[in-house]
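Each remark here refers to the structure printed beneath this line.
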Amino acid sequence: MKLNINKGRQSAPDRILIYGRPGGGKSTFAAGAPSPLFLDIAHGTNALDVDRVHPTPYREVIAAIEAVPSDYKTVVIDTIAALEKLIHAEVCKKYGWDTIEAPGYGKGDAAALDTFGELLRALDGLRARGVEVILL
């Protein structure tokens, strides 16, 4: 197979994942991004002077991502730990499970991967519009 190699810089919006302990300044760092809109799922940005929405349940997160106005240059999901809980709740609702562990070891998490893939596709839609994505 012959590879079609592209050289040099490629212009594309960033995808950034920031991991750290609570109170370590992740949200404060993300607040310095260009024109950020926080999807403040964890309700942890009250001390910051930022624009935010509080989408819950999971379907509201997807709707919020799809409805981001064009004047925002960055979307911040704060936090992916809180988002994971919403994804698990969505999957449990879909399959009628009491908990994500109900179907057996690892099977609930495997089912959640499809929903997480939907989230990543929605975020890629933002990037196609030139919007940066920061996951905390």
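A compact table of results
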quantity: Residue selected from segment 122-136 under the condition aliphatic (A, V, I, L, M) and surrounded by 12 or more Cβ atoms within 10 Å (Cβ to Cβ), by the criterion nearest to the chain's Cα centre (by Cα); calculated: Leu135
quantity: Answer residue from segment 45-64, given it is under 21 Å from Leu120 (Cβ atoms) and assigned to a loop (DSSP other than H, G, I, E, B) and is least open to solvent (accessible area, probe 1.4 Å) among those; calculated: Pro55
quantity: Those residues of segment 90-120 which are within 18 Å of Ala64 (Cα to Cα) and not hydroxyl-bearing (Ser, Thr, Tyr), in sequence order; calculated: Glu90, Phe116, Gly117, Glu118, Leu119, Leu120
quantity: Matching residues in segment 96-121 - criterion: being within 14 Å of the chain's Cα centre (by Cα) and open to solvent by less than 40 Å² (accessible area, probe 1.4 Å); calculated: Thr115, Gly117, Leu119
quantity: Every residue from segment 32-44 that is surrounded by 16 or more Cβ atoms within 10 Å (Cβ to Cβ) and over 24 Å from Gly130 (Cα atoms); calculated: Ala42, Gly44
quantity: Sole residue being without any contact (Cβ under 8 Å) to a residue 24 or more places away in the chain and within 19 Å of Arg129 (Cα to Cα), chosen from Ala63, Ala12; calculated: Ala63
quantity: Search result, residues across segment 1-31 that are among the small types (Gly, Ala, Ser) and either closer than 19 Å to Tyr72 by Cβ or surrounded by fewer than 10 Cβ atoms within 10 Å (Cβ to Cβ) (or both); calculated: Gly8, Ser11, Ala12, Gly23, Ser27, Ala30, Ala31
quantity: Residue that is most open to solvent (accessible area, probe 1.4 Å), among those in segment 65-95 that are assigned to a loop (DSSP other than H, G, I, E, B) and among the polar types (S, T, N, Q); calculated: Ser70
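The values are calculated or read from the model by the stated rules, or taken from the named source; none is laboratory data. Note that the structure is predicted; figures quoted are calculated from it, not measured. Methodologically, a virtual Cβ is constructed for each residue, glycine included, from the backbone with ideal geometry; neighbour enumeration extends over all protein chains shown. What goes into the accessible areas is simple: the full protein's heavy atoms, side chains included, and nothing from ligands, DNA or RNA. Shrake-Rupley method; radii C 1.70, N 1.55, O 1.52, S 1.80 Å.
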